[in-house]
Structure formats: C-alpha cells, structure tokens
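The values are calculated or read from the model by the stated rules, or taken from the named source; none is laboratory data. Note that the structure is predicted; figures quoted are calculated from it, not measured. Backbone-built Cβ (ideal geometry, glycine too); neighbour counts: all protein chains shown. Ligands, DNA and RNA are excluded from the accessible area calculation, which covers all protein heavy atoms including side chains. Shrake-Rupley method; radii C 1.70, N 1.55, O 1.52, S 1.80 Å.
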Amino acid sequence: MTDKNFVPSVYSNETNEGKVTFKSPSNIALVKYWGKKESQIPANPSISFTLDACATTTSISYKKLKEKGSSFSFDLLFEGKPMESFKPKITTFFERIENYLPFLKDYNFTIETSNSFPHSSGIASSASGMSALALGLMAIEKELNPEMEQEYFIKKASFLARLGSGSACRSIEGDLIQWGKHGEIDGSSDLYGIKYPYEVHSVFKNYHDTILLVDKGQKQVSSTVGHDLMHNHPFAINRFDQAHRNLTKLKKVFAEGDLKSFVEIVESEALTLHAMMMTSLPYFVLMKPNTLEIINKIWAFRESSGTNVCFTLDAGANVHVLYPEAEKEEAFQFIKNELVAFCENGQYLCDRIGFGAKKL
Ligand code: DP6
C-alpha cells in the first residue's frame, strides 16, 4: 500500500449533519519510536502495548456549510471549555490530511474532547487524542462512503492518526501494535500500525502498567524537538539498527513467553531513548532524581523477589512499571510500599493492556 491508497475517489453518499464519538486509548512503546523523516515516516520500527484506562474521548459534531470554505472551520472544547491554544495543532493536522479527506472544508466541526487522566499529569495525550480524532473523521468519511470495508477504515484511521502524531497510529487497535517497516514482520508499514501478526504467549496478554507520576510539569522537550535531535545524531544509525534487532529478538520472546529477555529489551530501549537525548546537541536529561530512585528500587526488588517487574520511560521523568498478571499482588504491594513515595503528591495511575478504541 502507498499513501495514494488513502486518497478517496468520489463519495457515493451525502450527509448534512451528525455527531460521532470515539474513545481512544494511550499506548506504551516497548521498542521506541524516536527519530522521523518527512511526512511522519518513522526512522525505525516500534511496538507498543495498547493501554486501557488512559484514554481520550472525542466527539465531532459536523454541519455542512453552504459552500466549501477557504479555510478549516472548527471549534474546539477541551473538558467543556473552549481551548484556543489547541487549535493550531488541529489546523496543522487538517492541513496534513486534507488530501486524504477532501470533505474537510465542506463542514463546520465542533470538536469536544476530554481525557480520563489529569491534563497536567505529564502523560502525553497526543496518541489518544489524535487517534480519537482520526477515528471520528473516518466515521464521517464512512457516512459519505457507506461501502467502506472495516479493514480499510482501521488502516486509514491509523494512517491519519500517524499524520497527527506518530505514536497515535498505534492506538487504534490492541493489544500489541507494531508500526514501521521491518524485514521480518509481514505486513509491517511505515504508513500505519498493524496488529502484531505472530504468536504471543499468554503471559503477555494481561500485562499491567502502573504509571508513576514523578514530574507532572510541562514536557521539557516537545516530541517534535526530540525527534529532530536524531538528525545528525552521532549514534543515530546504530540506534535505528538496534530497534530493528530488538524487534527481531522480541519475536522469539513473545512466542516463548521469555520474561527475562523481555525485561532486558524493554529496559534497554527506555534507557537508550534517554541516552539519545543525553548525547544529542543540544543535550537533555529528562529523568529526575526520583526517576533514578525508582529504577534502582525496581532492580533491587526484582533481584530479591525473583519477579519480572520492570520499567519503561517515555520522553520524560514518569516511570511506567510493567508486570504480568500473575505477579500483580506482589508488584502492587511493592509499588505502594516503596515507589509511591517518589511520585509527585503520591500520584500514580493504574493501567493495563487494552484492546483499542471504541465507538460510543
Ligand atoms: C518517546 O508520537 O509524540 O513516546 O510524531 O512528533 O507526535 P510525534 O511524536 P510522538 O513521539 C513519541 C515518542 C515516544 C516513544 C514512542 O511512543 O514510541
């Protein structure tokens, strides 16, 4: 498939007004996407667990204009209140996708969006937010083209979400989503995420992710700036190769349920992501002292308990603590007793693997 497959031909139906609502989850990358080319093409393939509780709900009310507008016409409400500051991001998104959704200037849209997690939690909402928006727009396109197949709907939703925010293309479905061309993963594409197509051991089916909110402040480095740092980065080529190799290794790990190797790959990916930021120009340290305290506690606990509790990080100080269902009691006791003290105001979010976005 190429991007041309997502340019629609003439629509067979008309719709004057309506409303669509989608709830779309966040996701947590196991192999990280960090670095991109033109048009939101990832520099390396990535894979993530789709989450469940951390989600964005977005409604789009649409009303046909008397004539096609010269610019996009939309209002944006975040948690019930007009949010002007979010509008430029949506305008950029609309500009990027207009070629694939030629009806965008034919309507006025009222976009109402809210997150299940606190706005200032330091949890990125771009994956859940952009995927919910992309799905809503696809539901409108389906009104205009009722014959559209479900498989195409999902692919194009992921394709559009990617143009909003790369990681958002991994939030349409669950529970393990791969994005980016990889020689040993059939059907993989730089254009959209796919359900991981190979055997996955049951131990990976009910994974938990407890998100420790170490620093709820504004992101120190936006993802756009962060991805840009990988251009001319001295270690970029090795890093991109490493992501390919880690995905190859994960094939066996997922099939066999090899938790030891899983932990090693996931933690190494998180630390490599941060190492890339520490070794770019300009350089950044995005961990906080409490991030390191937590990492050390996790390592000590894993050693003493013989469990497989591990961590991963995004481009910030918060820590995602990952553990299988069978270890949940022990892991949760440990988190409460030893890790919550390092969270800002003791705050954390309990999440787990989820199965993708839902139409409401
Ligand atoms: C560290 O998807 O937020 O979370 O495409 O610029 O919107 P943009 O970037 P974004 O980057 C996410 C980076 C990451 C790793 C990951 O989710 O794979």
Out of curiosity, is S70 in a loop (DSSP other than H, G, I, E, B) and open to solvent by 20 Å² or more (accessible area, probe 1.4 Å)? yes
Residue hits (the stretch 249-292; closer than 23 Å to L339 by Cα, open to solvent by 30 Å² or more (accessible area, probe 1.4 Å) and acidic (D, E)) are E264
Here are some conditions: (1) open to solvent by 10 Å² or more (accessible area, probe 1.4 Å); (2) modelled with pLDDT of 95 or more; (3) touching a Ser or Thr at 6+ places or on another chain (Cβ under 9 Å); (4) over 18 Å from V266 (Cβ atoms). Q242 meets all but one. Which one does it not meet? (4)
Among residues of the stretch 144-184 being among the hydroxyl-bearing types (S, T, Y) and touching a Phe, Trp or Tyr at 6+ places or on another chain (Cβ under 8 Å), the residue farthest from the ligand (Cβ to nearest atom) is S158
Those residues that are more than 10 Å from the ligand (Cβ to nearest atom) and on the phi > 0 side of the Ramachandran plot, I need them from the stretch 19-60; list them, please. S39
Please verify whether F86 is touching a His at 6+ places or on another chain (Cβ under 9 Å) and assigned by TED's automatic domain parsing to the domain that holds A139, treating the condition exactly as stated. no
Given (1) modelled with pLDDT under 95; (2) out of contact with any strand residue (DSSP E or B) (no Cβ under 9 Å at 6 or more places or on another chain), identify the lone condition not met by S70. (1)
Checking the conditions here, which among T224, T210 is open to solvent by 70 Å² or more (accessible area, probe 1.4 Å) and under 29 Å from I294 (Cβ atoms)? T224
How many of the residues in the stretch 44-67 are within 30 Å of T272 (Cβ to Cβ) and either crowded, with 22+ Cβ neighbours inside 10 Å or touching a helix residue (DSSP H, G or I) at 6+ places or on another chain (Cβ under 8 Å) (or both)? 11
Criterion: free of Cβ contacts under 8 Å to residues at least 40 places away in the same chain and under 27 Å from A29 (Cβ atoms) - qualifying residue of F86, F72: F86
Please tell me if N337 is crowded, with 21+ Cβ neighbours inside 10 Å and either more than 16 Å from the ligand (Cβ to nearest atom) or not aliphatic (A, V, I, L, M) (or both). no
(1) at positive phi; (2) open to solvent by 30 Å² or more (accessible area, probe 1.4 Å); (3) touching a Gly at 6+ places or on another chain (Cβ under 6 Å) all hold for G356 apart from (2)
Residues located in the stretch 186-212, provided they are of a type in the set (V, I, T) and within 16 Å of the ligand (Cβ to nearest atom): I194, I211
Note on N238: of the conditions (1) in a helix (DSSP H, G or I); (2) in contact with a His (Cβ under 9 Å, 6 or more places away or on another chain); (3) without any contact (Cβ under 8 Å) to a residue 12 or more places away in the chain, unmet is (2)
Single residue of the stretch 1-43 satisfying the filter (among the aromatic types (F, W, Y) and surrounded by 17 or more Cβ atoms within 10 Å (Cβ to Cβ)) that is nearest to M276 (Cα to Cα): W34
Being in a loop (DSSP other than H, G, I, E, B) and closer than 22 Å to S126 by Cβ is true for just one of V214, V200, V225. Which residue is that? V214
